[in-house]
Amino acid sequence: MTGQNPVFIPGPTNIPDRLRFALSGQTEDHRSPDFVGILAPVLSDLKKVFKTTSGTIITFPASGTGGWEAAVTNTLSPGDKVLAARHGMFSHRWIDLCQRHGLDVEIIECEWGEGAPADLIGQRLAADTRKEIKAVLVTHNETATGVVSDVGAVRRAMDDAAHPAMLYVDAVSSLASMDFRMDEWGVDLAVSGSQKGFMLPTGMAIVGVSRKAMEAVADAQCPRCFFDFRDMAGANAKGGFPYTPPVQLIQGLRKSLDMLLEEGLENVFARHARIAEGVRRAVDAWGLQVCAKEPRLYSDTVTAVLVPAGFNSDTLTNHAYDAYDVSFGVGLGQMAGKAFRIGHLGSLTEVMALSGLATLEMAMKDLDYPIKLGSGVAAAQEYYRSTKSAALSKA
Ligand code: PLP
């Protein structure tokens, strides 16, 4: 890997130079006034990205999985009932994590390529007259299938059922790339990480915690130490961490927030939507299908593309890497060998996206896929070209 080409995996994402410079700083004393001074504004700017004013942001040195674990262990007890939809590898892994913590997970099995079914969640909650279900888990953006779920609809279903369960949302591959509204959607725990929309290396789990979730911490019996919200929130309030913080990552996060807020969150979302639509038009021009079952489910951060019968998507991603030095996401779980994924999130422009589409065309042609060179690129170009002036006037 030469590092000359962008990656098209759905995280970790390309790190823009501005952030690479910010990350390369010399060690700084994490107890110095300078460092203590940056943490509070970082946490308060993160609230803008989560779209919360009432919630608290807590970060841990961890990946997104650590964020799941922190959310679950701080607010639930072994034996608690949890309701979750399984429709891809990441919703599956979150369920697995809950089960390993001794939670009693009721799983709504969905076809991969579907979203979390708000109607079924509402029905199940309405039937829970004894209010035993403590948590509803939703994966906002299922990175394995390129499917976005309607979190607002899940919240409405919970409210219609007048159910007090808390709403836990995995926003690992959506936050800072696609609209996320923690307060408006009544999300109690929102989990994300540094390596996707924030354009940083992996290493920080970033969790939004509602007041209700913070109150639940006192009664939650799942064992935790490193991930205890109380230790972290208490230390953060004094400008520090309960242990050594990842100083450079927090400095990088400062710059990442500057970049996102300078561009404007709504412009960031619009950029992702435009790039994603161009990618989907390319897929369509190739005559291939995306994994997401309906347009309302299309993710703006990752597109999972089904390969034609008789082809193996791993061969394609391996070949793109070996022959052209470009990484695309492999198919995960049920999608292994059947789908490849085009990550289009984070630090990306439409020109970069076109290079990825052109690479895929060369790789597919090399492997005798029935596609015409340039067909997908042309479809995306046409879309980017014809919508350019509207995008620029909004910038
Ligand atoms: N949730 C989603 C939707 C993801 O895409 C990922 C990783 O890709 C995770 C959770 C797990 O995060 P991590 O790999 O950072 O632990």
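Checking each residue in the range 12-35 for being of a type in the set (Val, Ile, Thr) and more than 28 Å from the chain's Cα centre (by Cα) picks out only 27. Checking each residue in the range 47-76 for being under 17 Å from residue 182 (Cα atoms) and within 12 Å of the ligand (Cβ to nearest atom) picks out 67, 68, 71. Residues of the range 207-219 include at least one that is within 16 Å of the ligand (Cβ to nearest atom), part of a strand (DSSP E or B) and assigned by TED's automatic domain parsing to the domain that holds residue 77.
The residue of the range 134-157 that is surrounded by the fewest Cβ atoms within 10 Å (Cβ to Cβ), among those that are in contact with a Gly (Cβ under 7 Å, 6 or more places away or on another chain) and under 11 Å from residue 121 (Cα atoms), is 155. Taken together, 37, 55 contain a single residue that is over 20 Å from residue 344 (Cβ atoms) and crowded, with 22+ Cβ neighbours inside 10 Å, which is 55. Of 178, 232, 199, which residue is over 25 Å from residue 159 (Cα atoms), buried (at least 18 other Cβ atoms within 10 Å of the Cβ) and within 16 Å of the ligand (Cβ to nearest atom)? So the residue among 178, 232, 199 that is over 25 Å from residue 159 (Cα atoms), buried (at least 18 other Cβ atoms within 10 Å of the Cβ) and within 16 Å of the ligand (Cβ to nearest atom) is 199. Taking the conditions (1) within 30 Å of residue 262 (Cα to Cα); (2) within 16 Å of the ligand (Cβ to nearest atom); (3) free of Cβ contacts under 8 Å to residues at least 60 places away in the same chain in turn, residue 44 satisfies each one other than (2).
Listed conditions (1) assigned by TED's automatic domain parsing to the domain that holds residue 91; (2) closer than 30 Å to residue 360 by Cα; (3) out of contact with any strand residue (DSSP E or B) (no Cβ under 7 Å at 6 or more places or on another chain) are all met by residue 278, apart from (1). Among the conditions (1) among the small types (Gly, Ala, Ser); (2) more than 16 Å from the ligand (Cβ to nearest atom); (3) at positive phi, residue 152 misses just one, which is (3). Scanning the range 289-307 for residues that are buried (at least 21 other Cβ atoms within 10 Å of the Cβ) and hydrophobic (A, V, I, L, M, F, W, C) yields 290, 291, 292, 302, 304, 305, 307.
The values are calculated or read from the model by the stated rules, or taken from the named source; none is laboratory data. This one's a predicted model, so the numbers in the text were calculated from it and none came from an experiment. So basically every Cβ, Gly included, is an ideal-geometry build from the backbone, and we count neighbours across all protein chains shown.
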